[in-house]
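Q: Mind having a look at this structure? Questions to follow.
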Amino acid sequence: MMSYGYRADLSEGAIKCPLFLTSTFVFASAEEGKAFFELAYGLRKNKPGEEIGLIYSRLNNPDLEILEERLTLWDEAEAAAVFATGMAAISTTLLHVARPGDVILFSEPVYGGTDYLLKHVLPQYGIRTIGVAAETDPAGFAALLDDHEIGPRVALIYLETPANPTNALVDIAAIAALAAAHSHARKILVAVDNTFLGPLFQHPLEHGADLVLYSATKYLGGHSDLIAGVCLGRRELIGPLKATRTILGTMADPMTGWMLLRSLETLKMRMTAQMKNAARVAEWLIAQSKVERVYYLGHLAAGSPEQALFDRQCLGTGGMISFDIVGGEAEAFRFLNALKLFHMAVSLGGTESLVEHPATMTHSDVDPEERQEMGITDKMVRLSIGVEHYDDLIADLEQALAAV
Ligand SMILES: *Cc1c(COP(=O)(O)O)cnc(C)c1O
C-alpha cells in the first residue's frame, strides 16, 4: 500500500506519486500515437512486453493506473478499474455484462441506489432483475437457477454481503458453486459488493466470486472527502469493462485517484481501529433497555448458521452497527437529534462516527412494503463507527438514549 506500482525515478524522484492534473498526453511520434490507440481500442494484440501508453485521462492516467495496481493487492485480483462513484462502478459493470432478455439475480437488501438501479433502471433496458432475501442458505437462488424459464437466462448474480444496513450475510462460495453448476454456453458471473468489510475483512474472489465491487467513498477513501468506486477481477473481465468505462465516461478523475493513494496507506490502521471501537460500542448497546435488537457481526448466535458462515467467509467484524430502538420513527428521531459527537449524515467508513435513519434516508427509495420485509423498519438506526475514543462515543450514545 505504501509503494507498489510507483517508480520515483519516473517522477523526478518524488517520494509520493505526484498529482497528474492533465487531460491529455503528448505522443513522442505519430507512430507511437498510432500504436497506443491500436492497443487501447483492441485493434491488435500486445507485442511481448508492450504496454498501453498514456493517451487521454478518460482512458488512463498515472494516478489511476498506480491506484488500480495497488488495489489489486488486498483482494489478490489480477486487475482493477476505478470509477467516479460506487454507483458508477456498479452501473457500468451491470450494463457491461447484461443484455436485453438477460436475468440478474440479486440478494436483498442492497444499498438504496443499487436497489433502484436493479428494480427501476435496468428493466427499462429489457433486463429482468429478481431479488432473493439475504440468507445463509442459498436455496432461494438455487430454485430460480433451476427454473426452466429463468435459469438459462441468468447472466449475473449480484450479492451484497454483509448487507447494508442489516449486516445480513450471504454465502459467496455456495452461490459461486451454484453459478458454476448452472453455467453452460456462457459463465454466470458472481459479483459481490464488498463495501462493508473489504478489503481487509472479506475477500470474495477467494470464495469464488468473479467480480468485487466497492464504493471507495467509504472505507477505502476513509476521510469522507471523496467519492469513487472500484471493480476488481480477472484481467479478461476487467479489460473489456475498462473499454465500456472509456465510452460511458464513468472513470474517476486524477485528483480522486491521488487522494485514494493517500488513503490506502492508512486503510489497515483505520479499519482495525474502527472495528475495535465498534466492538466496544456494540457490547454497550446490547445491554441498554431502550435498545430492542442489535445487528452486529460480533453478536451472531454461537452455533448458528450465520456464525458458521461468518467463520468461513469473514476475517473481522467491521465497523458497522445497526440497531432497533424501542419505539418507532419518533423515538429514533429524538435519539438522532440528541447526539452531539456522532454526526448525522449518510455514508460510512470515514474517520468520524456517523449516524443515520435508513428507512427515511439511505433506503427511502426502496418500496415501503419490501423495506419492511427486509427488516429496515422505522425503529432502525445505523451507526458507522469512526476512530474517536470509544468512551466518548458511548457517552454520547448514553446521553442521547436518555433523551428518548
Ligand atoms: C455507498 C454505497 C454504494 C454507492 O456508492 P457511491 O460511492 O455513493 O456511489 C454502493 N454500495 C454500498 C454497500 C454502499 O454503502
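Q: Among the residues of segment 235-245, is any farther than 30 Å from ALA155 by Cα, touching a residue at least 12 places away in the same chain (Cβ under 8 Å) and either within 16 Å of the ligand (Cβ to nearest atom) or surrounded by fewer than 17 Cβ atoms within 10 Å (Cβ to Cβ) (or both)? Steps first, please.
A: The initial filter retains those residues of segment 235-245 that are farther than 30 Å from ALA155 by Cα, namely none.
Checked against the condition, which is being farther than 30 Å from ALA155 by Cα, touching a residue at least 12 places away in the same chain (Cβ under 8 Å) and either within 16 Å of the ligand (Cβ to nearest atom) or surrounded by fewer than 17 Cβ atoms within 10 Å (Cβ to Cβ) (or both), segment 235-245 yields no hits at all.
Q: Right, PHE106: in the same structural domain as LEU145 (by TED's automatic domain parsing), surrounded by 13 or more Cβ atoms within 10 Å (Cβ to Cβ) and either under 18 Å from SER263 (Cβ atoms) or of a type in the set (Ser, Thr, Tyr) (or both) or not?
A: No.
Q: Could you run through segment 202-216 and say how many residues are in a loop (DSSP other than H, G, I, E, B) and either within 14 Å of the ligand (Cβ to nearest atom) or on the phi > 0 side of the Ramachandran plot (or both)?
A: 2
Here is a yes/no grid of residues against (1) closer than 30 Å to ALA174 by Cβ; (2) within 16 Å of the ligand (Cβ to nearest atom); (3) not hydrophobic (A, V, I, L, M, F, W, C):
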site	(1), (2), (3)
ILE286	yes, no, no
PRO305	yes, no, yes
GLN313	yes, no, yes
PHE335	no, no, no
ALA345	no, yes, no
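Q: I've got another one for you. Out of the residues in segment 145-165 meeting the condition of being crowded, with 20+ Cβ neighbours inside 10 Å and over 14 Å from the mean Cα position of the chain (by Cα), tell me which one is nearest to PRO204 (Cα to Cα).
A: Within segment 145-165, the match that is nearest to PRO204 (Cα to Cα) is ILE157.
Q: For segment 122-166, how many residues are among the charged types (D, E, K, R) and either in contact with a Cys (Cβ under 7 Å, 6 or more places away or on another chain) or part of a loop (DSSP other than H, G, I, E, B) (or both)?
A: 4
Q: Is it true that some residue in segment 381-391 is farther than 23 Å from LEU220 by Cβ and of a type in the set (S, T, N, Q)?
A: Within segment 381-391 (the criterion being farther than 23 Å from LEU220 by Cβ and of a type in the set (S, T, N, Q)), the answer is no, since none of the residues qualifies.
Q: Got at least one residue in segment 91-98 being in a strand (DSSP E or B), within 16 Å of the ligand (Cβ to nearest atom) and within 18 Å of the chain's Cα centre (by Cα)? Reasoning before the result, please.
A: Taking segment 91-98 first, the residues in a strand (DSSP E or B) are none.
No, the conditions are met nowhere in segment 91-98.
Condition check ((1) closer than 27 Å to GLY375 by Cβ; (2) polar (S, T, N, Q)) across all residues:
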{"site": "ARG270", "(1), (2)": "no, no"}
{"site": "MET275", "(1), (2)": "yes, no"}
{"site": "GLN288", "(1), (2)": "yes, yes"}
{"site": "ARG293", "(1), (2)": "yes, no"}
{"site": "ALA330", "(1), (2)": "yes, no"}
{"site": "LEU336", "(1), (2)": "yes, no"}
{"site": "LYS340", "(1), (2)": "no, no"}
{"site": "GLY349", "(1), (2)": "yes, no"}
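The values are calculated or read from the model by the stated rules, or taken from the named source; none is laboratory data. Just so you know, these numbers come straight off a predicted model, no measurement behind them. We place every Cβ from the backbone using ideal geometry, glycine too, and count neighbours over all the protein chains shown.
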